[in-house]
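Following: one structure in structure tokens, then a few remarks.
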Amino acid sequence: MRKYSLFIFLFLSLHFSAQVLSENQKLESLCRVWGFLKYYHPNVAKGTLNWDQQLFQKINELEKINDKATLNALYSNWITSLGKIDECTGCLPQNDKTYFLKNFDLSWMDNRDIFTEAISQKLRYIESNRNIGSNHYIGTGGRKIFFRNENSYGSRFTLKITSLLELFRYWNYVEYFFPYKYETDQNWNDVLKEMIPKFVSINNDKDYQLTLAELVTKTDDSHAFLSSPTINLTQYGDKKLPVEYSYAEGKLVITKINGNKFHEETPFNIGDAIYDVNGKTIPQMVNSLGKYVPASNSWGKVNKIKNKLLFSKSDSLSVKLERNGQNLEIIAKTYLLKDIIMVKIPTPQKWKFLDEEKKIGYVNMGILTQDDVNEMYKNLKSTESIIFDSRNYPNQTIIHLSKLLLPQSSTYYLFNFSETTYPGKFYSRKNNIGVMNPDYYKGNVIVLADENTQSQAETTTMMFKQHPKAKVIGSNTSGANGDVIRFKLAGLDTCFTGLGAYYPDGRETQRIGIIPDILVKPNVEGIKNGKDEVLERALLYIKNKN
């Protein structure tokens, strides 16, 4: 019995001392340590080391490591090889800043399933004596950061180690510098666990770029995208039906029919409501394509995908549609974009009156420029109401408009900025808009908004809301606000939101959008009849108010 007990003791001792680790656990820990050292270790941050090459070397070394003890020995030797770190007197907390900490999480260092206490202490020492000077990999410009000095290995699949590098690089970008990491549907730690096996199994260009797109989509950010001709061709195709349309109630309502260079007739009518393409409903198509399209919410997802839904890899599409109360099935020819002749539409006016009495003004925020603002206001300031159509993207007119429209300076937004001396932390500042202006606009300020109202348009809408007679009419805005950080992922253009934007009291707009005061969504019948139901509701509001 005694020998048996001794055997069990020895077995358990050997078992726990070895602590066999999976490939995923090893790679996950390497991603975290490599990214942390890149931004925190003073010697690494100087850029004197080939940090990519160091990662390649460690990935190869991991293949010979199976247990916790050997893994920690690797990390210990690695950290020691990076050189001595002097104590940092400037790393003490700054009391003059208000920190936003929802994204900040270095608790992984204390995970005893992976790291020994000795390694945890080494990592915590680096945190306490981190780099607070210039960083070779992070630049600053104005109020936002940018990534720099990164090597590109191209968008074609070559080796597993370069694929993993792109995953690790992007994951750490988000980990330390994406202000809305805490709001993603999937916990960002779980994203790493899920994506490592997918990147390890890649073996061709198409899968590589699709997996990169899937990774970017995990940010749940409408600012994010991955520009990939390969994905466009394989997922959507390079031919499309020669029509333009609006989306409502899960259908595509045709609003314009373009010509083609072959002078062939197109079997559609304006007002046709397409509800099925090649055997899939429109919502089914959105769901199937959505895996590779990042968006802050469901309406943002539809808005980003809808323009691709009538593209095809073949010469025709089979569509089912509603026309004059009947359901029809049509097989229609698709065309290369170069063979489609766009029907010209009149250039819209930057501003105009909507009534003969000139009591209601209308401004198209998508084409109004800074140079136009004073003249526009001179023409419309005697009106009783001005409707600002923000279902588009404005042209940096927010400051100019605020000085004319608002009665006084007011706090309209709270922004969170990356703390480059403590990556993962953000600091908060409130922003004011407007000036003291006794001659401000006294009429009604009506803002039209929908899912196209994104980023700067959302910020501008928040400025309008500071007016004492402001009213937002339409549907929820995009829910992606804050300057973007643009960079390359595997040589492909991409970006994500670079600073956090909130109401002055800290309430969130990301993923939610600005909620309108009066909710109005276009419907199929309205689009068929050429109505702008949001604008009509604004006019009704003005009529009832007056």
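Please give the per residue accessible area of segment 469-531, computed with a probe of 1.4 Å over protein heavy atoms only, in Å². Write down the numbers at each step before the final one.
Working: 2350 Å² over 63 residues.
Ligands and nucleic acids excluded, the figure is 37 Å² per residue.
Karplus-based coupling profile of segment 177-191, in residue order and whole Hz: 10, 8, x, 10, 4, 5, 9, 5, 4, 9, 3, 5, 5, 5, 4, with θ = phi - 60° in 6.51 cos²θ - 1.76 cosθ + 1.60 and x standing for Gly or Pro. The GluC sites (Glu not before Pro) of segment 179-268 that DSSP puts in a loop, and whose beta carbon has at most 13 other beta carbons within 10 Å, are Glu264, Glu265. Of the GluC sites (Glu not before Pro) found in segment 22-82, those in coil by DSSP whose Cβ has at most 10 other Cβ atoms within 10 Å are Glu63. The distance linking segment 247-288 with segment 475-499 is 29 Å (Cα centroid to Cα centroid, whole angstrom).
Do any GluC sites (Glu not before Pro) in segment 343-381 lie in a DSSP loop with no more than 16 other beta carbon atoms within 10 Å, and if so, which?
Working: sites: Glu356, Glu357, Glu375; in loops: Glu356, Glu357.
Here the GluC sites (Glu not before Pro) that fit, given the DSSP loop and packing criteria, are Glu356, Glu357.
For every helix of n ≥ 4 consecutive DSSP H residues, a contribution of -39,500 (n - 2.57) applies; sum these over the chain, divide by its total residues, and give [θ] at 222 nm rounded to the nearest 500 deg cm²/dmol. So the helix-based figure for the chain works out to -10000 deg cm²/dmol. Measuring r between the beta carbons of Asn66 and Glu87 and using R0 = 45 Å, the FRET efficiency lands at 0.80. A simple spin-label model places the labels of Met436 and Glu150 4.7 nm from each other, with each point 7 Å out along Cα-to-Cβ. Inter-part distance, segment 67-107 to segment 124-150, computed on C-alpha centroids, equals 13 Å.
Measuring between their Cα centroids, segment 393-424 and segment 154-197 lie 30 Å from each other.
Cys31 sits with roughly 0 Å² accessible to a 1.4 Å probe, with DNA, RNA and ligands left out of the calculation.
Would you mind checking Lys144/Lys403; Lys308/Lys528; Lys206/Lys251; Lys358/Lys521; Lys64/Lys198; Lys469/Lys545 for any pair whose Cα atoms are more than 19 angstrom apart?
Details: Lys144/Lys403 25 Å; Lys308/Lys528 21 Å; Lys206/Lys251 30 Å; Lys358/Lys521 27 Å; Lys64/Lys198 21 Å; Lys469/Lys545 11 Å.
In this structure, Lys144/Lys403; Lys308/Lys528; Lys206/Lys251; Lys358/Lys521; Lys64/Lys198 lie more than 19 Å apart at Cα.
Within segment 446-490, what whole-number % of the accessible surface is contributed by carbon and sulfur, with the 1.4 Å probe and all protein chains included in the calculation? Heavy-atom surface of segment 446-490 belonging to carbon and sulfur, 1.4 Å probe: 37 percent. Note that segment 52-199 presents 48 Å² accessible area per residue, ligands and nucleic acids not counted, probe 1.4 Å. Just to confirm a number: summing +1 for Lys and Arg and -1 for Asp and Glu over residues other than Leu210 whose beta-carbon lies under 12 angstrom from that of Leu210, what do you get? Charge balance near Leu210 sits at 0.
Computed on the chain, with alpha-carbon pairs under 8 angstrom and 6+ residues apart, the relative contact order is 14 percent. Candidates [x] 73, 64, 41; [y] 74, 58, 52; [z] 98, 62, 49; which is the computed Cα extents along the principal axes in Å? Matching entry in [x] 73, 64, 41; [y] 74, 58, 52; [z] 98, 62, 49: [z]. Full extension of the segment from Ser227 to Lys320, taken as 0.36 nm per residue of separation minus the current Cα-Cα distance, would add 30.4 nm.
Counted without the sites themselves, the longest stretch of the chain free of trypsin sites (Lys or Arg not before Pro) in a DSSP loop having at most 10 other beta carbon atoms within 10 Å is 113-343.
Helix 117-128: angle to the longest alpha-carbon principal axis of the chain, degrees 0 to 90, nearest 10? The answer is roughly 50 degrees.
Excluding same-chain neighbours fewer than eight residues apart, the aspartates and glutamates reachable from Lys193 by a Cα-Cα span under 13 Å are Glu23, Glu28. In this structure His400 has an accessible area near 80 Å², from a 1.4 Å probe over the protein heavy atoms.
The values are calculated or read from the model by the stated rules, or taken from the named source; none is laboratory data. Treat the numbers as computed from the prediction; the structure is a model and nothing was measured. Positions of Cβ are backbone-derived with ideal geometry, glycine not excepted, and every protein chain shown enters the neighbour counts. Ligands, DNA and RNA are stripped out before the accessible areas are found, and what is left, the full protein with its side chains, is counted by its heavy atoms. Shrake-Rupley method; radii C 1.70, N 1.55, O 1.52, S 1.80 Å.
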